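The values are calculated or read from the model by the stated rules, or taken from the named source; none is laboratory data. Because the structure is a prediction, the values reported are computed rather than measured. Cβ placement follows ideal geometry from the backbone for every residue including glycine, while neighbour counts extend to all protein chains displayed. Protein only, heavy atoms only, side chains kept; ligands, DNA and RNA dropped before computing areas. Shrake-Rupley method; radii C 1.70, N 1.55, O 1.52, S 1.80 Å.
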Amino acid sequence: MKAVVTVVGRDTVGILAKVSVVCAEHNANVIDVTQSVMKELFTMVMLLDITEISCDFSVLQNALYEVGEKIGMKIHVMHEDIFNSMHHI
């Protein structure tokens, strides 16, 4: 199973590191990352393998949301099933 994580906010040092630490703490494996900085706006999309996470998915979601609050970023975590349902015709 996979999850899509989006991170948006003002660019600062260490965003990728701080988000990755939370993923590692919950045993979510980062499969792919893309990021971009436009002027001062930072955007990142991560694809996580959540097959082996050490908690409920909602716990991982809340942990990433909380780190986003601490660093002034908006973090959204979407389970693969929801993502696929939204994009299925």
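Hey, among 77, 5, which residue is open to solvent by less than 50 Å² (accessible area, probe 1.4 Å), touching a Phe, Trp or Tyr at 6+ places or on another chain (Cβ under 9 Å) and in a strand (DSSP E or B)? Result: 77 is the single residue among 77, 5 that is open to solvent by less than 50 Å² (accessible area, probe 1.4 Å), touching a Phe, Trp or Tyr at 6+ places or on another chain (Cβ under 9 Å) and in a strand (DSSP E or B). Residues that are more than 25 Å from residue 81 (Cα to Cα) and surrounded by 12 or more Cβ atoms within 10 Å (Cβ to Cβ) do not occur anywhere in segment 57-64. Does residue 83 satisfy the criteria of being surrounded by 10 or more Cβ atoms within 10 Å (Cβ to Cβ) and modelled with pLDDT of 95 or more? Judged against the criteria, residue 83 is not a match. Taken together, 39, 2 contain a single residue that is farther than 11 Å from residue 73 by Cβ and touching a residue at least 60 places away in the same chain (Cβ under 8 Å), which is 2. Taking the criterion of being surrounded by fewer than 11 Cβ atoms within 10 Å (Cβ to Cβ) and either under 15 Å from residue 74 (Cβ atoms) or among the acidic types (Asp, Glu) (or both), the only residue of segment 42-55 that qualifies is 52. Is one or more of the residues making up segment 10-18 farther than 16 Å from residue 71 by Cα, modelled with pLDDT under 95 and either part of a loop (DSSP other than H, G, I, E, B) or within 11 Å of the chain's Cα centre (by Cα) (or both)? Checked against the condition, which is being farther than 16 Å from residue 71 by Cα, modelled with pLDDT under 95 and either part of a loop (DSSP other than H, G, I, E, B) or within 11 Å of the chain's Cα centre (by Cα) (or both), segment 10-18 yields no hits at all. If the condition is being in a loop (DSSP other than H, G, I, E, B) and among the β-branched types (Val, Ile, Thr), then segment 19-58 contributes 50, 51, 53.
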